[in-house]
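Novice: This is the structure, below, for whatever I ask next.
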Amino acid sequence: MNVYISCDMEGTAGLCSWKQCDPGDTHEYPVFRSYMTQEVRAAVEGARDGGARRIIVNDSHWSMRNLLLDQLPADDDLRIISGAPKPWSMMQGFGTGIDAVFFTGYHAKAGDAATLAHTYSDDVYRAIVNGTQCSEALLNAALAGSYGVPVVLITGDRTIVDECLRVMPWAIGVAVKDAIGFSAVNSLTPPAAQEAIRAGAREAMGRVARAEPFTFQAPFELTIETAQVEHADFIELMPGFARIGGRAVRFGAGDYPSLFEAFLAATRIAAAANAG
Ligand SMILES: [Zn+2]
C-alpha cells in the first residue's frame, strides 16, 4: 500500500503561537520545526510498521520548507516534497497510485474557537462547499476522495480531529492538544505525542480496507467569504467566480479538483490584494 502524508505544523504538540511556526522566527521556530519533523517521522514509521510500501510526505506549512530532512528515516521508498509555491499546495504530489492519506499537524478551521484557527489563508473568513463549512482537512480530504482514496489518519488539535472523525468515522484520530484560546494550549509532551502518532499510524493502516473516500456530491459549489472587501474584489476577476456579496464570491464546478484549484487560485489572488 502506498501512503501520502500531508504535514502541517500548527497542529504540532505544544505549539500555541504564530512565532513557533513562522520560518522568520529565529528563537522558537527552530525548536518547533524539530517537533514537527519528529511527528512526521513517527507517522512514517507507524505507516511502515503497518505495511506501507511507498510513502510520499508533502511539507504543507507556510514556506513548505520546515522538515529537517536528515531527521527523517533513511528509506529508499520515502520521498519528501519541499518548497513553495507549488500548484496543489498542501496536496502537491497526490495522484493516482496512492491507497491512503494521512494528515499530520492539522489545525482547526477559520472561525472555530481554537488555537491558530484558519483555512489556508487569513484572507479566508469561511470556505463553504455544498453548504458545508470546510477546514483545510475537509477541502484536502475531498480532493483525495475524488480519486477514491480515503483519509485514515488525522493528527493535530482536538477541534480538527473531532471534526474529521464526525465525517470520516473510519479514520484514526490523534488529538495531541486542546485549545485554551487562540494562542494557548493544554498539550501532550512532544515525545508522548510522537508515540501516540506512531501507534495511530500503524493502526490506521489496518483501517484502509474498510475506509471510505470523503466526497461531496456533484454539482459542486464553492462559496468563499473573505476577510476584507478587497479580497473579493480581486477573486471576482477570475472567470467562473460570481460576486454574491461585499465579502463573498461563488464558484460552480462539475468536478471537485476544479473546485479545489479554484479555491487555491482565489487564496493566491486575494493575497495580491493585500499588497495594495
Ligand atoms: Zn500551516
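The values are calculated or read from the model by the stated rules, or taken from the named source; none is laboratory data. Worth saying up front: this structure is predicted, and the values here are computed from it rather than measured. We place every Cβ from the backbone using ideal geometry, glycine too, and count neighbours over all the protein chains shown.
Novice: Give region 224-239 a look and list any residue that's surrounded by fewer than 17 Cβ atoms within 10 Å (Cβ to Cβ) and either of a type in the set (A, V, I, L, M, F, W, C) or touching a Phe, Trp or Tyr at 6+ places or on another chain (Cβ under 8 Å) (or both), or say none.
Specialist: Those that are surrounded by fewer than 17 Cβ atoms within 10 Å (Cβ to Cβ) and either of a type in the set (A, V, I, L, M, F, W, C) or touching a Phe, Trp or Tyr at 6+ places or on another chain (Cβ under 8 Å) (or both): V229, L237, M238.
Novice: On to the next question. Name the single residue, out of those in region 143-187 being of a type in the set (D, E, K, R) and under 18 Å from R198 (Cα atoms), that is surrounded by the fewest Cβ atoms within 10 Å (Cβ to Cβ).
Specialist: Out of the qualifying residues, it is R158.
Novice: Evaluate the following for G24: is it within 15 Å of the ligand (Cβ to nearest atom), in a strand (DSSP E or B), of a type in the set (G, A, S) and modelled with pLDDT of 95 or more?
Specialist: Answer is no for this residue.
Novice: Would it be correct to say that T12 is part of a helix (DSSP H, G or I) and either of a type in the set (S, T, N, Q) or not assigned by TED's automatic domain parsing to the domain that holds P150 (or both)?
Specialist: Answer is no for this residue.
Novice: Would you mind stating whether A196 is touching a Leu at 6+ places or on another chain (Cβ under 9 Å) and aliphatic (A, V, I, L, M)?
Specialist: yes
Novice: Can you name every residue in region 61-72 that is touching a helix residue (DSSP H, G or I) at 6+ places or on another chain (Cβ under 6 Å) and either more than 16 Å from the ligand (Cβ to nearest atom) or within 18 Å of I98 (Cα to Cα) (or both)? Step through it out loud before you land on a result.
Specialist: From region 61-72, those touching a helix residue (DSSP H, G or I) at 6+ places or on another chain (Cβ under 6 Å) are 66-68, 71-72; that's our starting set.
Hits for region 61-72 are L68, Q71, L72.
Novice: Then there's this: Is there a residue in region 151-164 that is touching a Gly at 6+ places or on another chain (Cβ under 7 Å), more than 16 Å from the ligand (Cβ to nearest atom) and basic (K, R)?
Specialist: For region 151-164, residues touching a Gly at 6+ places or on another chain (Cβ under 7 Å), more than 16 Å from the ligand (Cβ to nearest atom) and basic (K, R): absent.
Novice: In region 41-60, which residues are free of Cβ contacts under 8 Å to residues at least 60 places away in the same chain, among the charged types (D, E, K, R) and within 13 Å of I80 (Cα to Cα)?
Specialist: Once the filter is applied, which keeps residues that are free of Cβ contacts under 8 Å to residues at least 60 places away in the same chain, among the charged types (D, E, K, R) and within 13 Å of I80 (Cα to Cα), region 41-60 yields R54, D59.
Novice: Condition (residue is out of contact with any Leu (no Cβ under 8 Å at 6 or more places or on another chain), among the aromatic types (F, W, Y) and under 20 Å from F182 (Cα atoms)) applied to region 16-29: is it met by at least one residue?
Specialist: yes
Novice: Could you pull out the residue among R53, R79 that is more than 16 Å from the ligand (Cβ to nearest atom), assigned to a strand (DSSP E or B) and surrounded by fewer than 17 Cβ atoms within 10 Å (Cβ to Cβ)?
Specialist: When all the criteria are applied, what remains is R79.
Novice: Suppose we filter region 176-204 for residues that are among the aliphatic types (A, V, I, L, M), closer than 19 Å to V3 by Cβ and in contact with a helix residue (DSSP H, G or I) (Cβ under 6 Å, 6 or more places away or on another chain); how many remain?
Specialist: Restricting attention to region 176-204, the residues satisfying the condition of being among the aliphatic types (A, V, I, L, M) are 176, 179-180, 184-185, 188, 192-193, 196-197, 199, 201, 204.
Narrowing further to those that are closer than 19 Å to V3 by Cβ: 196-197, 199, 201, 204.
After this cut, where a residue has to be in contact with a helix residue (DSSP H, G or I) (Cβ under 6 Å, 6 or more places away or on another chain) as well, the list is 197, 201.
Within region 176-204, residues that are among the aliphatic types (A, V, I, L, M), closer than 19 Å to V3 by Cβ and in contact with a helix residue (DSSP H, G or I) (Cβ under 6 Å, 6 or more places away or on another chain) number 2.
Novice: Could you list, ordered by first residue, the pairs with Cβ atoms under 8 Å in which the first is in region 116-132 and not assigned by TED's automatic domain parsing to the domain that holds M9 and the second is among the basic types (K, R) and modelled with pLDDT of 95 or more, at least 6 apart or interchain?
Specialist: From residues that are not assigned by TED's automatic domain parsing to the domain that holds M9, the pairs are A117/K109; H118/K109; T119/K109; T119/R126; Y125/R247; A127/K109.
Novice: In region 227-253, what residues are more than 14 Å from I269 (Cβ to Cβ) and either among the charged types (D, E, K, R) or in contact with a Pro (Cβ under 8 Å, 6 or more places away or on another chain) (or both)?
Specialist: R247, R250, G252, A253, listed by residue number.
Novice: OK, next. Within region 240-260, track down each residue that is in a helix (DSSP H, G or I) and surrounded by fewer than 17 Cβ atoms within 10 Å (Cβ to Cβ).
Specialist: Scanning region 240-260 gives P257, S258.
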